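K.L.:
Let me give you the structure first, and then I'll get to my questions.
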Amino acid sequence: MARLSRPLSPTMFLRRNAGKTIPLVAVISLAVMLVQSIIALINSIPLSIRTIYRYTDRFLVVSPRLDPSLTTKLVKKATTGAPVPIERVMLARGSNAQVKSIVGKWPFFVLGLSQDDMTYYLARQGATGIEGRRPIDGKPEIMVSEPVARNLHLKLGDPVLKPDDSDNFSRFPVKLVGIIKCDRWLMLSNKKYFADTQPIPIDIALICTKDLRDQAKYGAWAKKKMKGDFALLLTYEEIEKQSMEMFEVLYKLIDAVIGILVLVISIMMGMLMNIYQLQRLVEFGLLQAIGLTKRQLFRRVLTESVIVIIGGWLIGLVVSRIVLVTLKSSLMDPHAFALDLADPMAMSYTVPVPIAILLVALGTIWLRFRKFDPVAVVERRIV
């Protein structure tokens, strides 16, 4: 009896005609799911790149550009008059390697550190332990973090750098002896091995601030102070900026695609709404004949449309979350790729979908009731 106490409730028709309501909700949900999933997956590309190089936010890299004699001078200039306290300067050697990103192979750097610096470096990166052991000084051995091991499908004892691998070159096979328990991408070897096998004795400097929160501030200060010097300075903020600029054109194309998609969906939903309302002409005629004004009738239908559209949008967000969780566990995680399940940009891109559909629905409803004649309906002139 309670459900019949409000026979003119806007939800009454929706509940009693689920066969007509559910398809509308499903179309809106699928549109929202499609938009959010596409944007989240596209955003995973620059996000994965930033995740790969996030380890650089713990230090400033100063490289002397192939001149070994400049390292000491550059370090002195970069640390003199620093606006924040400097805790440690590590001199490292290294080698290039390749990891797998969503868009193909991506360059990565193998750091060769002394044992003392290695201890400090692991603590600064938040490592909690090592499966296996550290590389021995002078030996062709390496450690990688858990994401790198998953990404390259490595296990203890596997060669990481090899003489016959142009992407991961080393004069001798460098075997994996330890897997670092850390969520950051790290590849660590011992400095002496690279010092013994590299013809040019070039040290790069990793300069660390005492307070991690000051690292970005110090990096910006050092880049400004040393602008024009014969040195390469690298900060995480620069990598982050470059990753966004790299995909600037791609995002413009996505905006165009999403705009076309919203337009097509809105037109399609307008057509469905028109058919949906056309099937209810007799109902509208009878309701107006028993005393409902056009304003009341319009408000009733508008409320129904809002419920359907908002309901479809919310369900679409839930379905999209399920799809993204499935993709993350089955596709992204096994390769250590990054995917933000709560991507705010992906969420914001879904907002135009219900708004556009609601505007089309409003226009359709207004056109339907502007010249609506309830007498014609009651007399069965329009059925």
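The values are calculated or read from the model by the stated rules, or taken from the named source; none is laboratory data. Predicted model only: the values in this text are computed from it and were never measured. No Cβ is skipped: glycine too gets one built from the backbone with ideal geometry, and neighbour counts run over all protein chains shown.
K.L.:
Could you tell me whether MET268 is among the hydrophobic types (A, V, I, L, M, F, W, C), within 21 Å of VAL308 (Cα to Cα) and modelled with pLDDT under 75?
P.N.:
no
K.L.:
Residue by residue through region 39-82, note down the ones that are assigned by TED's automatic domain parsing to the domain that holds GLY94, within 14 Å of GLN215 (Cα to Cα) and either without any contact (Cβ under 8 Å) to a residue 40 or more places away in the chain or among the polar types (S, T, N, Q) (or both).
P.N.:
Answer for region 39-82, where residues must be assigned by TED's automatic domain parsing to the domain that holds GLY94, within 14 Å of GLN215 (Cα to Cα) and either without any contact (Cβ under 8 Å) to a residue 40 or more places away in the chain or among the polar types (S, T, N, Q) (or both): just THR79.
K.L.:
Which of the residues belonging to region 96-145 are of a type in the set (Ser, Thr, Tyr), assigned to a strand (DSSP E or B) and either out of contact with any helix residue (DSSP H, G or I) (no Cβ under 8 Å at 6 or more places or on another chain) or under 27 Å from ILE86 (Cβ atoms) (or both)?
P.N.:
SER145
K.L.:
From the residues in region 115-139 that are closer than 14 Å to ARG88 by Cα and of a type in the set (Asp, Glu), which one is surrounded by the most Cβ atoms within 10 Å (Cβ to Cβ)?
P.N.:
Top of the filtered list is ASP117.
K.L.:
Here's a follow-up. Inspect region 44-54 for any residue being modelled with pLDDT of 85 or more and touching a Leu at 6+ places or on another chain (Cβ under 6 Å) and give the result as yes or no.
P.N.:
yes
K.L.:
Can you say whether ALA149 is surrounded by 14 or more Cβ atoms within 10 Å (Cβ to Cβ), small (Gly, Ala, Ser) and part of a loop (DSSP other than H, G, I, E, B), as far as the supplied structure shows?
P.N.:
Here the answer is no, as ALA149 does not meet what is asked.
Rundown of residues vs (1) farther than 30 Å from LYS175 by Cβ; (2) surrounded by fewer than 17 Cβ atoms within 10 Å (Cβ to Cβ); (3) basic (Lys, Arg), yes/no style:
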{"position": "ALA195", "(1), (2), (3)": "no, yes, no"}
{"position": "ASP203", "(1), (2), (3)": "no, no, no"}
{"position": "LEU206", "(1), (2), (3)": "no, no, no"}
{"position": "THR209", "(1), (2), (3)": "yes, no, no"}
{"position": "GLY219", "(1), (2), (3)": "yes, no, no"}
{"position": "LEU234", "(1), (2), (3)": "no, no, no"}
{"position": "SER243", "(1), (2), (3)": "yes, no, no"}
{"position": "LEU250", "(1), (2), (3)": "yes, yes, no"}
{"position": "VAL282", "(1), (2), (3)": "yes, yes, no"}
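K.L.:
Here is a list of conditions, (1) among the charged types (D, E, K, R); (2) without any contact (Cβ under 8 Å) to a residue 40 or more places away in the chain; (3) outside the structural domain of LEU113 (by TED's automatic domain parsing), and ASP165 meets all of them except one; can you say which number that is?
P.N.:
Status for ASP165: all satisfied but (3).
K.L.:
Given the residues LYS192, LYS175, LYS139, which is the only one that is modelled with pLDDT of 95 or more and closer than 30 Å to GLY104 by Cα?
P.N.:
Just a single option satisfies the conditions, and that option is LYS175.
K.L.:
Applying the selection to region 320-348, what residues are of a type in the set (Lys, Arg) and within 27 Å of HIS153 (Cβ to Cβ)?
P.N.:
The one that is of a type in the set (Lys, Arg) and within 27 Å of HIS153 (Cβ to Cβ): LYS328.
K.L.:
Determine which member of the set ALA338, ALA346, ALA342 is at pLDDT 85 or above and touching an Asp or Glu at 6+ places or on another chain (Cβ under 9 Å).
P.N.:
From the options ALA338, ALA346, ALA342, the qualifying one is ALA346.
K.L.:
Restricted to region 20-31, and to residues that are under 19 Å from GLU304 (Cα atoms) and either charged (D, E, K, R) or crowded, with 19+ Cβ neighbours inside 10 Å (or both), which residue is modelled with the highest pLDDT?
P.N.:
Within region 20-31, the match that is modelled with the highest pLDDT is SER29.
K.L.:
Taking the options LEU359, LEU341, name whichever one is in the same structural domain as ILE39 (by TED's automatic domain parsing) and under 30 Å from GLN296 (Cβ atoms).
P.N.:
LEU359
K.L.:
Checking ILE49 against (1) crowded, with 17+ Cβ neighbours inside 10 Å; (2) out of contact with any strand residue (DSSP E or B) (no Cβ under 7 Å at 6 or more places or on another chain); (3) closer than 30 Å to PRO344 by Cβ, which single condition isn't satisfied?
P.N.:
For ILE49, the failing item is (2).
K.L.:
May I pose another question? Would you mind finding the one in VAL353, VAL360 that is modelled with pLDDT under 90 and touching a Leu at 6+ places or on another chain (Cβ under 9 Å)?
P.N.:
After ruling out the rest, the residue left standing is VAL353.
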